[in-house]
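Each remark here refers to the structure printed beneath this line.
The values are calculated or read from the model by the stated rules, or taken from the named source; none is laboratory data. From a predicted model like this one, the values you see are computed outputs, not experimental measurements. We place every Cβ from the backbone using ideal geometry, glycine too, and count neighbours over all the protein chains shown.
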Protein chains: 2
Amino acid sequence: MTEAPHLTFDLDRPGMTTGHLVVPKGADCEALSLPVFSLNKGEGPRLLITGGNHGNELEGPIVARRLIEWLPEAQTCGRVIILPVLNPLALQAWSRNTPVDGLNLNRVFPGRADGSVTERIADAVSRLLLPIADTVFDLHSFGPTWDFPPAVVTHPIADADLMPKTLRMAEAFKLPVTLLWEYDDTPGMFDTWAHSQGKVFVCAELGSGTVGSEALAIYEAGLRNALIALGLVEGKADHPTFRQQKSSRTLETLMSDALKSPARGIFEPRRSVLDEVKQGDRIGILHPMDSLSANPIDICAPATSIVLAVKSGMYVDTDARVALLARPLSL
Amino acid sequence: MTEAPHLTFDLDRPGMTTGHLVVPKGADCEALSLPVFSLNKGEGPRLLITGGNHGNELEGPIVARRLIEWLPEAQTCGRVIILPVLNPLALQAWSRNTPVDGLNLNRVFPGRADGSVTERIADAVSRLLLPIADTVFDLHSFGPTWDFPPAVVTHPIADADLMPKTLRMAEAFKLPVTLLWEYDDTPGMFDTWAHSQGKVFVCAELGSGTVGSEALAIYEAGLRNALIALGLVEGKADHPTFRQQKSSRTLETLMSDALKSPARGIFEPRRSVLDEVKQGDRIGILHPMDSLSANPIDICAPATSIVLAVKSGMYVDTDARVALLARPLSL
C-alpha cells in the first residue's frame, strides 16, 4: 500500500508551527520531508509562499528563510505558509530539473500520486497546501545565463476577474518590472494550475540566481511590500533600489518579442536590461566560430522597445533566444 | 591505417595564412578541423595563442578572433599562431569537458594519437603547434560560478630559470592580478606540458565567462600589452580599467588559502574580489536548507589577506571551496 502525502502537523493550529510536508517514497526514491513553516493568526488573507521550484534558483529559498525570521514579530492577522524549498533534489544538484527523473517540477502540476518523484512533489503541494491558500507567491530567479531585472511575472489568464486581480498583486511588490508575459510553454506550470483553481498566483523572477546582496535586498523588500498590500503586516511600502533607480513599470512581452540568433556561435550581449532602444539599435553580436572567414553578425531591435532580458555570453544554436523585448502594458 | 594529425598549410610560409589543424577521426567521432591563423614576419619571438580549451569559457575565443583582425596591421616581426577554439566539441555544448568522452582537455596533455577525441586534440596541438612556439598564451575564463578578477596565472615551476621568466611574462599583461597559484591538480595541464618543454606558458583567467564588454576590453588590452612586451607590436602598454581602478599586483595563493564550506547548503557571498580582509572578517554565509532550525553559518577569514575569488551563490556540499584568499608574492 502506498503511503499518502501528509503534513506532520495540524495546519489549523493557531500561532507558529514548523513541521514537514512528507512526499511518499516511490520506486525511484525514498520519501522526502520538506520543511514547512506556518503562522496562523486567524481571520484574514491566506498566503502560500514557495521557493526552490527550480533547484538552481537560490534567492527564493534564502529570502523565504529570512521571512521566517521576521514574520512572527510582524504578522498581524491571517495565515502564511512558507515552503522554502519545493524541490530539494534539484537544489542539492544545483539543477533546474530533478536529477532522478529529469522532470521540471514547474511543468508537472497538479502532479500524480503514483508518478515519479517530481510528480509526487507537485501532487503533495496541490493537495495539501494549495487548497488552503487564496494567494500564492512562487519565488524564482531568472538564472545565471540571462541578465533580467527584478520582476513579478504573470502569464495571461483567461478568467476576466482573476487577470486584473493578479496584475494588481504583482504590482504591489513594487519591483522594477511587473510583467505580463505571453509564453508558449505554460501547461503543467504551478501558475497555470493555481489559476485554474481561482487562486491569485504570481511568480517573482529575480536576477541571476547568484545570490548577490542587491538581489536579496530587493527580493525581501518586494515581499514586504506585498505583505503590506495584503494587510498581513503593517508598514509603508517603498520601491527597492535597482541599479541606482527606484521605479516600477508594468510591461508586456509577446512571443514575437523574442530575438533569436541568426546562426550558431558565441553571443555577446551589448545592451543592459531596461535600456530603451529604437529600430536598428544593436542588442548584441553573434560570433560564428566554425570558420575564420565568417564575420560577426549584429542582432538589432526590430522596433522601438525596452530591453527586458539579454542572454549572457553563451554559445548558442541558430534560432536560440538571445533577448526579449517589451513595451508598456496597455490593457 | 590511422590518418596522422596535420596542418592544411605550411606554417613556415611568410605572411598571413589561415587554414586548419586536422585532428584525425577515431572510433568516437569524425575528424575535426580547427581553424588556425598564422602570421609569419620572420625573425623574432614565436608566440602561440590558444582559446576555447574549456568550452564554457568564451572570452578567449572572441578576443582571439579580434586579435586576428588587427594583428596583420600591427605585427612587425616574429611569428604568431592563433587557434581561437581548441575544443569545438566542448564549445558547442557550452561545457567545460568534451561531451563525447567526458574528458577535460586541460588534464590530458600531451595527449595520445590513438586516444579518445580529447586526447587526439591534445596530441595534435602538442606535436604540430607547441614545438614551433617559445611562448604560449592560453586564454581561459574563470567561469560563471565565481567572482574572480582579471588575472594572468602560473603555477609554481621547478625550473629555476623558467619560473621568473614566466612571472615576468605574466606581469607584462598588466592585468589587475598576476597570480602564482599552488594547485594540486596540475598533471596533464597544457601549462605543465609546455613548461616541461621549456616554453614560457601563461594562462589568462578572466572573469565570469559571460562575455561582458568590460571583460573583453580588459582581455584585449592585456593581450596587446603582452605583445608589446614581446616586441611583436609597437605601442605603449597601459593598465586596463577594472571596476574603476587601474592597477596591477602580483599575488600568491596556496592550497591552504582555500576557504571551505562547513556544511551543505546555499552559499551567499558577502565580499568582492580584491577586498582586503582581517582575521574574523566575514567572507560569506552558508545557509543550511535541510532544516528550518539550522542557523546560517558565517564563513570568516582566518588571517589578514586579500580576497582573490569568491564563489557565486550556489548550493555547495560540505568542504566545497567557496573562496580563495591570497597575499602579495614575496620571492
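Side notes on the structure shown:
- Scanning the stretch A:45-55 for residues that are part of a loop (DSSP other than H, G, I, E, B) and more than 12 Å from chain B (Cβ to nearest Cβ) yields A:Pro45, A:Asn53.
- Tabulated pairs, the stretch A:1-27, first assigned by TED's automatic domain parsing to the domain that holds A:Ile121, second in a strand (DSSP E or B) and among the aromatic types (Phe, Trp, Tyr), C-beta under 8 angstrom, 6+ apart or interchain: A:Met16/A:Phe37; A:Thr17/A:Phe37; A:Thr18/A:Phe37
- Just one residue in the set A:Leu232, A:Leu324 is touching a residue at least 40 places away in the same chain (Cβ under 8 Å) and in the same structural domain as A:Val80 (by TED's automatic domain parsing); that residue is A:Leu232.
Per-residue answers, yes or no, for (1) more than 30 Å from A:Val322 (Cα to Cα); (2) within 15 Å of the chain's Cα centre (by Cα); (3) of a type in the set (A, V, I, L, M):
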position	(1), (2), (3)
B:Gly143	no, yes, no
B:Asp159	yes, no, no
B:Leu167	yes, yes, yes
B:Gly212	no, no, no
B:Asn225	yes, no, no
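- Residues considered: B:Glu214, B:Glu205. Of these, the only one that is surrounded by fewer than 23 Cβ atoms within 10 Å (Cβ to Cβ) and outside the structural domain of B:His287 (by TED's automatic domain parsing) is B:Glu214.
- Filtered by the rule that a residue be away from every other protein chain (no Cβ under 14 Å) and either crowded, with 19+ Cβ neighbours inside 10 Å or out of contact with any Pro (no Cβ under 9 Å at 6 or more places or on another chain) (or both), the stretch A:31-44 gives A:Asn40, A:Glu43, A:Gly44.
- Number of the exception - A:Leu83 against (1) within 25 Å of A:Ser196 (Cβ to Cβ); (2) within 14 Å of chain B (Cβ to nearest Cβ); (3) surrounded by fewer than 21 Cβ atoms within 10 Å (Cβ to Cβ): (3)
- One residue from A:Ala172, A:Ala158 being of a type in the set (Gly, Ala, Ser), more than 26 Å from B:Met289 (Cα to Cα) and at pLDDT below 95: A:Ala158
- Test: residue in the stretch B:66-81 that is within 16 Å of the chain's Cα centre (by Cα) and touching a residue at least 40 places away in the same chain (Cβ under 8 Å): no
- Selection within the stretch B:255-287 - away from every other protein chain (no Cβ under 14 Å) and either free of Cβ contacts under 8 Å to residues at least 24 places away in the same chain or loosely packed, with under 15 Cβ neighbours inside 10 Å (or both): B:Met255, B:Ser256, B:Lys260, B:Pro262, B:Glu276, B:Lys278, B:Gln279, B:Gly280, B:Asp281
- B:Val233 over 19 Å from B:Leu329 (Cα atoms) and either touching a Ser or Thr at 6+ places or on another chain (Cβ under 9 Å) or within 14 Å of chain A (Cβ to nearest Cβ) (or both): yes
- Residue ID - farthest from A:Gly143 (Cα to Cα), chosen from residues in the stretch B:317-331 that are within 14 Å of chain A (Cβ to nearest Cβ) and over 22 Å from the mean Cα position of the chain (by Cα): B:Thr318
- Qualifying residues in the stretch B:199-222 (those that are hydroxyl-bearing (Ser, Thr, Tyr) and over 21 Å from B:Lys311 (Cα atoms)) - the one nearest to the other protein chains (Cβ to nearest Cβ): B:Ser213
- Scanning the stretch B:288-316 for residues that are under 20 Å from B:Pro149 (Cα atoms) and in a loop (DSSP other than H, G, I, E, B), we see that the one that is nearest to the other protein chains (Cβ to nearest Cβ) is B:Gly313.
- Residue ID - surrounded by the fewest Cβ atoms within 10 Å (Cβ to Cβ), chosen from residues in the stretch A:56-74 that are more than 7 Å from every other protein chain (Cβ to nearest Cβ) and not in a helix (DSSP H, G or I): A:Asn56
- Wholly enclosed strands (runs of 3 or more DSSP E) of the stretch B:128-199 bearing at least 1 residues buried (at least 21 other Cβ atoms within 10 Å of the Cβ) and without any contact (Cβ under 8 Å) to a residue 24 or more places away in the chain: none
- Residue check for A:Leu39: touching a residue at least 60 places away in the same chain (Cβ under 8 Å) and among the aliphatic types (A, V, I, L, M): no
- Filtered residues of the stretch B:86-99 (kept if assigned to a loop (DSSP other than H, G, I, E, B), surrounded by fewer than 24 Cβ atoms within 10 Å (Cβ to Cβ) and either under 14 Å from the mean Cα position of the chain (by Cα) or facing chain A (nearest Cβ under 7 Å) (or both)): B:Trp94, B:Arg96
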